Amino acid sequence: MRERPSISKTLLDTEALEDHTKNMKMGILEVVKESADPSRSLTSVVNVAVVLEEEVVMDNLPGYTNAFILLFGLLYALNIEYPKDLKYTFEVVQKVFLHLGNECTARVQSLKNKLVHM
């Protein structure tokens, strides 16, 4: 949808998680190990964590996809309001992909109609 904010942050394994969870209402942290060889720009993920209300609530997750699904499940189960700047993203996941609920906003309904007619 037209949103720019990101739900995730990436940090190096040498950085403290707490520095990145400040002012983070919810999201996913990916901790990567910096390549020792400067000619290689590839990094490897060493930890993936879910953050709610500035606290890491789950970590050492197997990957970003699992973290996103767990974050969405926590938001849904705990009835936490979606962040304003990401509400359409979460609404698409909830209403279009998971078929949870019937009523959609006009923007999401338009996307849903376009996907059906593809």
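Quick rundown of the values:
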{"item": "Close pairs from segment 72-91: first closer than 18 Å to MET24 by Cα and open to solvent by 50 Å² or more (accessible area, probe 1.4 Å), partner of a type in the set (Asp, Glu) and at pLDDT below 90, Cβ under 7 Å, at least 6 apart", "result": "ASP85/GLU3; THR89/GLU3"}
{"item": "Condition broken by LYS95, with the remaining ones in (1) touching a residue at least 12 places away in the same chain (Cβ under 8 Å); (2) within 20 Å of GLU53 (Cα to Cα) satisfied", "result": "(2)"}
{"item": "Test set (1) open to solvent by less than 70 Å² (accessible area, probe 1.4 Å); (2) hydroxyl-bearing (Ser, Thr, Tyr); (3) modelled with pLDDT under 90 - SER110 fails condition number", "result": "(3)"}
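The values are calculated or read from the model by the stated rules, or taken from the named source; none is laboratory data. None of these values were measured; they are calculated from a predicted model. Using ideal geometry, Cβ is built from the backbone for each residue, glycine included, and neighbour counts are taken over all protein chains shown. The area values use the complete protein model at the heavy-atom level, side chains included, leaving out ligands, DNA and RNA. Shrake-Rupley method; radii C 1.70, N 1.55, O 1.52, S 1.80 Å.
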